[in-house]
Amino acid sequence: MTTVPHIVGWAHTPFGKLDALDTEALFAAVAAPAIERAGLAPEDIDGVFVGHFNGGFVRQDFSGALAALAVPALRHVPSVRLENACATGSAAIWAGLDALAAGRMRRVLVVGLEKMNTLPNAQIGEILLRCSYVREEGDTPGGFAGVFGRIASGYAERFGDPSDALAHIAAKNHANGVRNPYAHLRRDLGYDFCRQPSDKNPFVAGPLKRSDCSLVSDGAAALVLSTEPLPGAAQPAVRWRSRTQVNDFLPLSRRDPTRFEGAALAWQRGLAEAGCTLDDLHFVETHDCFTVAELLEYEAMGLAPHGEGARVILDGVSRFDGKLPVNPSGGLKSRGHPIGATGVSQHVMAAMQLSGTAGDMQLAGARRGAVFNMGGAAVANYLSILEAAEARA
């Protein structure tokens, strides 16, 4: 019999510059609450899977072992740390799902966390740039903003300046983030601010301005995954229809940087496995580390042909009240991007929508949605198609 995994509990800290919370405190802030919301005791957890990139942000590594410090009753429960660049959180989720599918475990805790605001910005940029192909891209000015700035410049040369569309994407996600109590920046910046360079919004790399770049954030999120819905949970369960991981070449020189081919393949496979089309989805939480990433992801998911992604936002398709809202939570752009927490956070945001517990972020009638999380510049591509447990095709 095939096991259908469910999300039965979750927890989420605010994202931001959280000086009062170290890594241990972030872990503790989400682990026990997620277990409690699932209607479980710590003794019911069969395994812990931790997404933590680190890379030098904090001295403490071996973060899987922090589970027992956060919840002492987890002292003898197997716990492991996963890392996969900006898709670290999804890597931890996938490991937990694999344990359920193998029949080794029935209920697992997944924690994603990151403490980034510990170093000067230049050092943070150097650490993140290690997620590029260092041999060729490791000296890119501006760090990962420089990498995506080059992608945006190449796209502009082939298809025309996308700056209007990028400003609309930034403005959309910041407007959505105002509704999200966990968001790092809950401020509606507006299109004009995002479109025009200024002292407060200077160019960072190529055509990308500060408003095109996600934030350096601290934060944590957690999920409890189960082989079945749990009657004692505090909210309705959410289940997977499909999950897909597709990798691509790490060096941008080995592929077309303006086309996220691995992401497109993940979408094709994931939708086919789920028996869905984009028309069956009510929202998407996608990986907008930079606005140009969201633009290219429109094309990867099939909302527009290559080179025509701008029309998705300009026609209003991806807005909160559009045909397929993209990042109703504000995305990484507004919610923040604590590397190890991001993939887990995206799944929490989706679970809130599908369980009807998203508060001011709630989309009417949201029964099925997707989460896309990527590591590097569309190198490690993870896609989840999720639905409310009572939903039917």
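Only one entry of Pro14, Pro33 meets the criterion of being assigned to a loop (DSSP other than H, G, I, E, B) and not basic (Lys, Arg), and that entry is Pro14. Considering segment 28-53, and only residues there that are within 23 Å of Asn180 (Cα to Cα) and crowded, with 24+ Cβ neighbours inside 10 Å, the residue that is nearest to the chain's Cα centre (by Cα) turns out to be Gly51. Listed by position, the strands (runs of 3 or more DSSP E) enclosed by segment 153-255 that each have at least 3 residues that are of a type outside the set (Lys, Arg) and more than 29 Å from Pro120 (Cα to Cα) are 219-226, 238-247. Quick one: is Arg104 assigned to a helix (DSSP H, G or I) and open to solvent by 20 Å² or more (accessible area, probe 1.4 Å)? Here the answer is no, as Arg104 does not meet what is asked. For segment 194-238, the set of residues classified as more than 30 Å from Ile151 (Cβ to Cβ), charged (D, E, K, R) and buried (at least 20 other Cβ atoms within 10 Å of the Cβ) is empty.
Of the set (1) farther than 19 Å from Ala87 by Cα; (2) crowded, with 18+ Cβ neighbours inside 10 Å; (3) free of Cβ contacts under 8 Å to residues at least 24 places away in the same chain, all apply to Gly143 but (1).
Results for (1) more than 21 Å from Met301 (Cα to Cα); (2) in contact (Cβ under 8 Å) with a residue 24 or more places away in the chain; (3) among the aromatic types (Phe, Trp, Tyr), shown as yes or no for each residue.
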position	(1), (2), (3)
Lys209	yes, no, no
Leu225	yes, yes, no
Ala233	yes, yes, no
Ala237	yes, yes, no
Ser242	no, yes, no
Asn247	no, yes, no
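Looking across segment 64-110, the residues that are within 30 Å of Ala377 (Cβ to Cβ) and either out of contact with any strand residue (DSSP E or B) (no Cβ under 9 Å at 6 or more places or on another chain) or of a type in the set (Phe, Trp, Tyr) (or both) come down to Trp94, Asp98, Ala101.
Those residues that are open to solvent by 30 Å² or more (accessible area, probe 1.4 Å) and over 23 Å from Ile339 (Cα atoms), I need them from segment 260-277; list them, please. Residues satisfying the conditions are Leu265, Gln268, Arg269, Ala272, Glu273, Gly275, Thr277. When Gly190 is tested against (1) touching a residue at least 24 places away in the same chain (Cβ under 8 Å); (2) on the phi > 0 side of the Ramachandran plot, exactly one condition is not met: (1).
The values are calculated or read from the model by the stated rules, or taken from the named source; none is laboratory data. This structure is a prediction, so every number in the text was calculated from the model and none was measured. Note that each Cβ is placed from the backbone with ideal geometry, even for glycine, and that neighbours are counted across all protein chains shown. What goes into the accessible areas is simple: the full protein's heavy atoms, side chains included, and nothing from ligands, DNA or RNA. Shrake-Rupley method; radii C 1.70, N 1.55, O 1.52, S 1.80 Å.
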